[in-house]
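Enquirer: So that we are looking at the same thing, I have put the structure below in C-alpha cells.
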Amino acid sequence: MSLLDIRGLTTAFQTERGEITAVEDISFSLEEGEILGIVGESGSGKSVTALTVMGLLPRPPARIVSGSVRFAGQELTGLSERQMQKVRGPGIAMIFQEPMTSLNPVFRIGEQIMETIRAHERLSTRALRDRAVQMLEKVGIPSPARRLDDYPHQLSGGQRQRVMIAMALACNPRLLIADEPTTALDVTIQAQILDLLMDLRDEFGMAIMIITHNMGVVAETADRVMVMYAGRVVEEAPVGTVFDAPLHPYTRGLLDCVPSLSAAKPRLVAIPGNLPEPARRPSGCRFRPRCGLAVPACAAAIPPLDPHGPGHRVACIRATAEVAA
Amino acid sequence: MIGVALRRIGSAVPVLLLVSLITFGMMRLIPGDPAAAIAGLSATQREIEQIRADLGLNEPFLVQLLRWYGGLLQGDLGRSILMGKGVVAVTFERLPVTLGLSAYALVLTLAIGLLAGILAALRQNTLIDQLAMMFAMIGISVPSFFLGLLMIILFSVRLGWLPTGGYIPFGEDPWGWFRSATMPAISLALLQAGLLARITRSTMLEVMRQDYIRTARAKGLPGRQVVFKHALANAMIPITTVIGIIISLLLSGAVVTEALFSIPGIGGLLTQAVLNRDYPLVQGGLLLVTAFLVLVNIGIDMLYAWLDPRVRYE
Amino acid sequence: MSETGALPLEATLAAPEAEPRRRHPAWATLRRLFRHRLFVTGLVLFGIIAFMAAAAPWITDANPNRLSMRNKFQPPGGDWVFGTDNFGRSLWSRVVWGAQLSVMIGLSVVALNAVFGTLIGALAGYFRRLDNILMRVNDALMAFPAILLAIGVTAMLGPSTFNVILALGIVYIPRTARIVRASVIVLREMEYVQAAVAAGAGHWRILRHHILPNAMAPMIVQLSFLFAYAVLSEATLSFLGLGAVPPTPTWGNIMAEGRDFMRDAPWIIAIPGVTLMITVLGLNMLGDGLRDVLDPRLRIQQ
C-alpha cells in the first residue's frame with residue numbers, strides 16, 4: 001500500500017464568474033521514503049494539489065469536486081477540521097516558498113517549534129526545549145540553544161527556511177510537502193537547503209513531495225517526476241527517464257528552459273505563449289495552442305494519461321509518433 | 001527599546017512646545033477686550049482694569065509670552081476666575097473622576113469592540129458579520145449625548161433604575177459608583193466600540209491572510225490557537241495605535257458626557273469654565289488634557305514597540 | 001494610481017457583457033457605486049436630509065420661531081407632524097430649519113478642508129523644505145482632542161454659526177492635510193511624475209496635472225467622513241450652548257432645551273436626535289461606499 005494515494009482528484013473554486021477547476025482528475029501515489037517532484041508553471045495546479053492534501057484550502061470558495069486522497073490507508077477528503085489537525089504535523093507536514101513571511105514575526109522560533117510538538121504530544125517543558133534544540137541542530141543552525149530565543153527577523157532567509165524545516169519535522173511526519181522551498185533563496189543557499197532535505201530524508205525516512213517550477217531542483221532531488229499543465233498531469237516518470245527520454249512536448253519545453261553548464265552553448269528557449277486562464281482553456285489537449293507538434297486530432301479530446309514503459313505515463317497522442325519519427 | 005523611548009520623547013518636545021504656544025495664542029482669539037469679556041456686561045471700568053492687571057494683559061506681548069512659559073516651567077497655569085484657585089490645582093482635583101469614568105468606558109470599548117470585530121472577521125460575510133458591522137455603523141453614527149439622553153429617559157425617568165446624574169466616588173461606595181458611572185460610560189463607549197470593531201475586523205481579515213497563519217494551520221494547531229494566539233498577537237500591533245486614538249476620543253467625549261450627567265470631572269469643569277468665560281481655566285485645562293494625551297501616546301508607542309519584536313530589538 | 005491600476009481584481013472579474021471601452025472611466029466608477037448597497041442606502045438617507053434642508057422655506061410654514069403658547073407640548077401626529085415644544089413652536093419647522101443649518105455648516109467645513117487641507121497637504125508633501133515646519137504645526141494641532149479644541153476655540157470666539165465653522169475648520173484641516181500629504185508623497189515618486197520633472201514641467205503644473213488629480217480618491221473619501229464629523233460636532237457644540245445662538249434652531253440646541261421637559265415631552269429630544277443620527281449614518285455609509293469603490297486599499301488601514 002502506498003503512503004499517499006490520490007485518485008481522480010478534482011478541486012474547484014467558486015468565483016464571481018462561476019466555478020473554476022484548478023486541478024482536474026489527478027491521480028498519483030507516493031511510497032514511503034520516496035521523493036516525488038511535481039513540476040509546472042505557476043497556475044498549473046501544483047500548489048492547489050498540495051493544499052488539497054493538507055486540507056488547507058479555504059472552503060468555500062474551494063471545493064473538492066470528486067476523487068479521493070488516501071494517506072497511510074486513511075481517507076482524508078471527508079475528515080473534519082479537527083480530525084485533519086491530527087494528520088497535520090505527525091502525518092503530513094509542509095514548508096512554504098516564503099521563509100520571510102511564513103514564520104510568525106512576534107513569537108520566538110523556539111516557541112514556534114515547541115508549540116508544534118505541544119499540539120500533538122504530551123511532553124514536559126524541559127523535554128520540549130530539548131527536542132527543539134535537537135531539531136535546530138539537525139537542520140544545521142549553529143549554537144541552537146541560544147537561537148531558540150531569537151525572533152524570525154533576526155535570522156537570514158536561509159536560516160528561516162531551516163527553522164521552517166525543523167518545525168515541520170518536529171513531529172516526525174511520514175510525508176513532507178515542500179512547496180517551492182528554495183525559490184525565494186539565493187542560489188548558493190538553494191543548494192544547501194536541497195542537500196539538507198535529502199540528508200533529512202535519509203535520516204528520518206519520510207517521503208517528500210517537492211513542488212517546483214525548476215527542473216534543476218527536480219534533477220537534484222527527486223526519485224520520480226510528475227509534470228502538470230493547466231490543472232492536469234501531462235507526464236509522470238522516474239527522474240532518469242524524464243531527463244533522458246521525455247515524451248510530452250511540454251516536458252521537453254521545460255527541459256529546454258534549464259540552463260545547462262555542460263553544453264557548449266547555453267540553451268535557454270522559453271515555451272512560446274502563456275498558460276491559458278482556467279476559464280479560457282482550449283478544447284482537447286490544453287497544451288495544444290503552444291505546442292509545435294499539434295495536429296487537428298489534438299483538439300478532439302483530452303488525451304488520456306497512458307503508460308509508455310515502466311513507471312512512465314504520458315498524456316499526449318503525438319508522444320509515440322514523435323519518438324518513432 | 002530605550003532608543004524608541006528616547007526618540008519618541010524627543011519628538012514630543014516640539015509638539016508640546018507648539019501646543020502650549022497655541023493655547024497661549026487662544027486668549028488672543030477673544031474679540032475685543034478679553035478683560036471686558038471676562039468681567040461681563042455689568043462690570044465697572046475698575047473691575048475690568050483689575051482683571052486686566054491680574055491676567056497681565058497690560059504687559060507687552062513678549063513679556064506675556066515669557067511669563068506664560070515661565071509659569072509653565074513652574075507648573076503654574078494661572079488662576080481660575082471661577083474657582084479662585086490655581087488652574088493646575090483645580091484640574092488635578094477633578095482628574096481622578098474623569099480618569100475613572102474613561103477607564104470604565106475604555107474597558108467597555110475594548111470588550112465590545114474587540115469581540116465584535118474578531119467575531120465579524122472570523123465569520124466574514126455571514127449574518128453575524130453583518131449584524132456586528134451594522135452595530136458598529138450605528139455606534140459611530142449615534143451622538144453620545146443623544147444616546148445618554150435616551151438612556152436617561154428610559155432607565156432613570158421611566159424605569160427609575162439608575163440616577164439621572166451625579167457621581168459617587170468609587171472609594172466611598174463602589175456599588176454607587178457603578179450605578180452612577182454605568183450610563184455615562186456606555187454612552188461614551190459606544191462610538192469608540194463601533195470604531196474599534198470596524199478596525200479590528202479589517203485588521204484581523206488582513207492578518208488571517210498572512211503566510212504565517214497558513215503555517216500555523218499546517219502545523220496542526222487547533223483553530224482556537226491559530227486565531228487567538230497567532231492572529232491576535234499580530235493584529236494587536238496596529239490595534240494598539242488605534243487604542244491611543246480611542247483614549248483621546250474618550251477624554252474629549254467625557255466633556256460632553258460629564259456635562260450631560262452632571263459629573264464633576266474635567267469635562268464638567270471645562271464646560272463650566274466655557275459658559276462662565278473663565279478663560280484661564282479653559283486655556284490651562286485644554287493644555288493639561290492635551291499634554292496628558294501626548295504622554296499617553298508615548299506610552300502607547302512604547303507598548304507598540306514592545307508588542308512588535310521587530311521594533312523592540314532594533 | 002490610475003483608475004484601472006487601483007482595481008485590477010475587479011477589472012478582470014468584470015462581466016464580459018459590459019462594454020467599457022467607449023465610455024469614460026468615471027462611468028464605470030459610478031456604476032460600481034450605484035451597485036454598492038451601503039452607498040445607495042447612505043445616499044437615500046442623506047438625500048432625505050439634504051432635501052429637507054434645501055426645501056425648508058417651502059415645506060414648513062417659514063418661521064420656525066413662531067410661538068403659540070396655546071399649543072405647547074403637543075405630541076407628534078395630528079395637527080403637528082413632529083409635535084411642539086415648550087413654547088408651542090412646531091418641531092417640524094425647527095428640525096427642518098435645523099437641517100438647513102447643519103448641512104450648511106457641514107458643507108462649509110468640507111469646503112474649507114477641500115481648499116486648505118489640499119493646499120497645506122500638497123505643499124508639505126511636494127516641497128520637502130516646507131514639510132517639516134508644516135507637519136510640526138499639524139502634529140501640534142492634531143495633539144489636541146478634536147472636540148475639546150473646537151470647544152476651546154468657540155469658547156474664545158464666542159458662540160455663533162460662523163465661529164463654529166471656523167473652529168471645526170481649525171480642528172479638521174490638519175487631519176485632511178495629513179491624508180493629502182501621504183498621497184502626494186507616494187505620487188511624487190511615481191515614474192510618470194519623475195518623467196514630467198525630467199521633461200522640465202513646472203512645479204505648479206506637475207502638482208495640478210499629475211499629482212492632485214490622482215490624490216483625489218482618498219481625499220473624497222476623507223471629505224465624506226468629515227462631513228459626518230462636522231455635523232456631529234456642530235450638534236455637540238450647540239448642545240453645549242456654543243453653537244448658533246437661540247432662538248435660531250439647531251438640532252443641538254433644540255435637544256438642550258428639551259432636557260428640562262424630557263419626562264413629559266421626550267419627543268423634543270428624540271426627533272432632532274433621530275434626524276441627526278440619520279444624517280450621520282447616511283454620510284458614514286456614503287463614506288464607506290466611496291472608500292470601497294474609489295480606494296480599496298484604505299479598507300485595510302481605515
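Enquirer: Filter the helices (runs of 4 or more DSSP H) completely within the stretch B:20-79 down to those with at least 2 residues that are among the polar types (S, T, N, Q) and not assigned by TED's automatic domain parsing to the domain that holds residue B:286. So that I can check it myself, show each step before the final result.
Expert: Numbers: elements: B:34-39, B:45-55, B:61-73.
Counting at least 2 such residues, we get B:45-55.
Enquirer: Only residues that are part of a helix (DSSP H, G or I) and closer than 20 Å to residue B:165 by Cβ: list them for the stretch B:265-282, please. Steps first, answer last, please.
Expert: In the first step, residues of the stretch B:265-282 are kept if they are part of a helix (DSSP H, G or I); the result is B:266-275, B:279-282.
Matches in the stretch B:265-282: B:266, B:267, B:268, B:269, B:270, B:271, B:272, B:273, B:274, B:275.
Enquirer: Could you please find all residues in the stretch A:63-118 being charged (D, E, K, R), in contact (Cβ under 8 Å) with a residue 24 or more places away in the chain and assigned to a helix (DSSP H, G or I)?
Expert: Just the residues of the stretch A:63-118 that are charged (D, E, K, R), to begin with: A:63, A:70, A:75, A:81-82, A:86, A:88, A:98, A:108, A:111, A:115, A:118.
When the remaining residues are screened for being in contact (Cβ under 8 Å) with a residue 24 or more places away in the chain, the result is A:63, A:70, A:81, A:86, A:88, A:98, A:108.
Within the stretch A:63-118, A:81, A:86 meet the criteria.
Enquirer: Within the stretch B:22-56, count every residue that is within 20 Å of residue B:285 (Cα to Cα) and loosely packed, with under 15 Cβ neighbours inside 10 Å.
Expert: Selection size over the stretch B:22-56: 4.
Enquirer: Go through the stretch A:181-212 and give me each residue that's under 19 Å from residue A:225 (Cα atoms), among the polar types (S, T, N, Q) and surrounded by fewer than 20 Cβ atoms within 10 Å (Cβ to Cβ).
Expert: A:183
Enquirer: Please go through the stretch C:281-302 and pick out each residue that is at pLDDT 80 or above and facing another protein chain (nearest Cβ under 9 Å). Walk me through how you get there before you give the answer.
Expert: The initial filter retains those residues of the stretch C:281-302 that are at pLDDT 80 or above, namely C:281-294.
The answer is C:281, C:282, C:283, C:284, C:285, C:288.
Enquirer: Which ones in the stretch B:278-314 are more than 8 Å from every other protein chain (Cβ to nearest Cβ), farther than 24 Å from residue B:18 by Cβ and not acidic (Asp, Glu)?
Expert: If the condition is that a residue be more than 8 Å from every other protein chain (Cβ to nearest Cβ), farther than 24 Å from residue B:18 by Cβ and not acidic (Asp, Glu), then B:303, B:305, B:306, B:311, B:312 are the ones that fit.
Enquirer: When the residues of the stretch B:117-128 are narrowed to those that are touching a residue at least 60 places away in the same chain (Cβ under 8 Å) and within 14 Å of chain C (Cβ to nearest Cβ), which ends up surrounded by the fewest Cβ atoms within 10 Å (Cβ to Cβ)? Lay out the reasoning, then the answer.
Expert: Our first condition is that a residue be touching a residue at least 60 places away in the same chain (Cβ under 8 Å); within the stretch B:117-128, this holds for B:117-118, B:120-122, B:124.
Of the ones still in play, those that are also within 14 Å of chain C (Cβ to nearest Cβ) are B:117, B:120-121, B:124.
Numbers: B:117: 28, B:120: 26, B:121: 23, B:124: 12.
Among residues in the stretch B:117-128 that are touching a residue at least 60 places away in the same chain (Cβ under 8 Å) and within 14 Å of chain C (Cβ to nearest Cβ), the one surrounded by the fewest Cβ atoms within 10 Å (Cβ to Cβ) is B:124.
Enquirer: In the stretch A:58-95, which residues are within 11 Å of chain B (Cβ to nearest Cβ) and under 18 Å from residue A:207 (Cβ atoms)?
Expert: A:87, A:88, A:89, A:90, A:91, A:92, A:93, A:94, A:95 - these are the residues of the stretch A:58-95 that are within 11 Å of chain B (Cβ to nearest Cβ) and under 18 Å from residue A:207 (Cβ atoms).
Enquirer: Keeping to the stretch A:101-124, report how many residues are touching a helix residue (DSSP H, G or I) at 6+ places or on another chain (Cβ under 8 Å) and more than 14 Å from chain B (Cβ to nearest Cβ).
Expert: 1
Enquirer: Continuing with this model, one more query. Would you point out the residue of the stretch B:217-264, among those that are within 26 Å of residue B:167 (Cβ to Cβ) and not in a helix (DSSP H, G or I), that is farthest from the other protein chains (Cβ to nearest Cβ)?
Expert: Once the filter is applied, the top-ranked residue is B:264.
The values are calculated or read from the model by the stated rules, or taken from the named source; none is laboratory data. No experiment lies behind these values; they were computed from the predicted model shown. Positions of Cβ are backbone-derived with ideal geometry, glycine not excepted, and every protein chain shown enters the neighbour counts.
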